[in-house]
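**Q** Take a look at the following structure, please.
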Amino acid sequence: MSKAMFLRRIRTMALGGAFVALTACSSTYSNHGYVPTDKELENIMVGIDTRAEVEEIAGIPSSAGILSDGAWYYISSRIESYAYHKPEVTERTVLAISFDSNDVVQNIERFGLQDGRVIELSRRVTSPSVRGTTFWRQLIGSIGNFNPADFLDENG
């Protein structure tokens with residue numbers, strides 16, 4: 001192998017390594033959820049359209065109110081991940097459509113991160129109910145918690 005060919009390979013490997021290093025340190029973005037566009041919202045008339053018409057125009061919401069108001073919430077988020085850093089919510093839009101007692105649109109509101117603090121939409125954290133309890137303590141504690149009759153065949 002000639003010296004020029006060797007240098008060309010070294011240069012190619014160095015450029016390839018630099019490319020990998022630069023792309024590994026770039027941010028990645030992920031989008032979650034759905035919020036109707038302004039054009040779709042123009043077709044919803046406050047005080048006229050019903051819940052069924054909103055569903056037809058804008059689709060089914062991400063979430064519905066659990067209180068008596070029964071408002072619909074369309075939620076979208078944009079999350080930035082950078083290398084080993086904790087992912088960060090960079091954009092969040094919440095569209096709230098509230099209805100009156102006759103299921104007619106009462107109000108349409110849009111909220112973003114700039115309107116307040118970040119609210120965690122869901123937490124998937126389960127507190128263990130057996131904290132500080134060893135396997136043996138669980139086993140011994142369950143001795144009286146079963147009925148031997150459950151193991152007998154009643155059809156005999």
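**Q** Inside segment 91-122, can you point out the residues that are among the hydrophobic types (A, V, I, L, M, F, W, C) and at pLDDT below 80?
**A** Those that are among the hydrophobic types (A, V, I, L, M, F, W, C) and at pLDDT below 80: 113, 118, 119, 121.
**Q** Please determine, by comparing only the residues of segment 59-90 that are assigned to a loop (DSSP other than H, G, I, E, B), within 30 Å of residue 20 (Cβ to Cβ) and more than 14 Å from the chain's Cα centre (by Cα), which one is modelled with the lowest pLDDT.
**A** In this case the residue turns out to be 83.
**Q** Quick test of your reading of the structure: residue 6 fulfils all but one of (1) farther than 30 Å from residue 111 by Cβ; (2) at pLDDT 80 or above; (3) not in a helix (DSSP H, G or I). Name the failing condition by number.
**A** That leaves (3) as the condition not met.
**Q** If you don't mind, another one. Pick from segment 28-58 the residues that are in a helix (DSSP H, G or I) and in contact with a helix residue (DSSP H, G or I) (Cβ under 7 Å, 6 or more places away or on another chain): which of them is surrounded by the fewest Cβ atoms within 10 Å (Cβ to Cβ)?
**A** 40
**Q** Continuing with this model, one more query. Give me the pairs, please: first residue somewhere in segment 35-47 and of a type outside the set (Gly, Ala, Ser), second residue anywhere and assigned to a helix (DSSP H, G or I), beta-carbon distance under 7 Å, and either six or more positions apart or on two chains.
**A** 36/58; 40/57; 40/58; 43/57; 44/54; 44/57; 44/58
**Q** Is it true that residue 125 is of a type in the set (A, V, I, L, M, F, W, C), modelled with pLDDT under 85 and either closer than 30 Å to residue 28 by Cβ or surrounded by 15 or more Cβ atoms within 10 Å (Cβ to Cβ) (or both)?
**A** Yes.
The values are calculated or read from the model by the stated rules, or taken from the named source; none is laboratory data. Everything numeric in this text was worked out from a predicted model, so none of it was measured. For neighbour counting, all protein chains shown are included, and Cβ atoms are generated from backbone atoms with ideal geometry for every residue, glycine included.
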